[in-house]
C-alpha cells in the first residue's frame with residue numbers, strides 16, 4: 001500500500017505542472033494577441049492620417065471658397081456688378097472647387113443664422129449669410145470647419 005500512495009503523489013504533481021504550463025502559455029498568448037491588436041490600430045491610424053490631411057485641406061478650400069463667394073460676389077453699390085474684376089458681371093454664384101484624383105469631396109453649407117440650424121444653402125454670396133460649415137471627406141475621414149461673419153459689410157475684409 002505504501003508504494004501505491006507514492007505513485008499517486010507523483011501522478012498529482014505532474015498534473016499540477018501541466019496546469020501551470022498551460023496557464024502560463026495562455027497568458028502569454030493573450031498578451032501577444034492584445035499587443036498585436038494595438039499595433040494593428042496604430043498602423044491603421046498612421047495610414048489614415050493621409051486621408052485626414054486630405055479632408056482638412058478640402059474643408060479649408062471650402063471655407064476659402066465661401067469667403068470668396070461672400071465678399072467677391074456681393075454687390076458693392078447696387079449696380080449689379082461684381083467686386084472681382086476677373087469674374088463675369090452679374091454672376092453671383094461661383095462653382096465649388098473640385099479635387100480630381102485625390103478622392104476628396106467637398107460640401108459647403110451657408111446659413112442665415114449663427115447657430116447654423118436654419119435653411120442651409122450652397123450660395124454664400126447673399127448678405128444674409130452669417131455662418132458657414134465646410135466639410136471635407138476623403139475615404140471615410142471627415143473634417144469640418146465653421147466660420148461666422150459677425151459684421152458683414154460691403155468693404156473688403
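Computed from the coordinates by the stated procedures, all read-outs in this text should not be read as laboratory data. No experiment lies behind these values; they were computed from the predicted model shown. Cβ coordinates were reconstructed from backbone atoms using ideal geometry, including for glycine residues, and neighbour counts include every protein chain displayed.
Overview of results
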read-out	value
Packing rank of 24-35, 97-108, where each peptide gets the mean count of other beta carbons within 10 Å, highest leading	97-108, 24-35
Mean Cβ count within 10 Å, highest first, over the residues of peptides 54-63, 135-144, 38-47	54-63, 135-144, 38-47
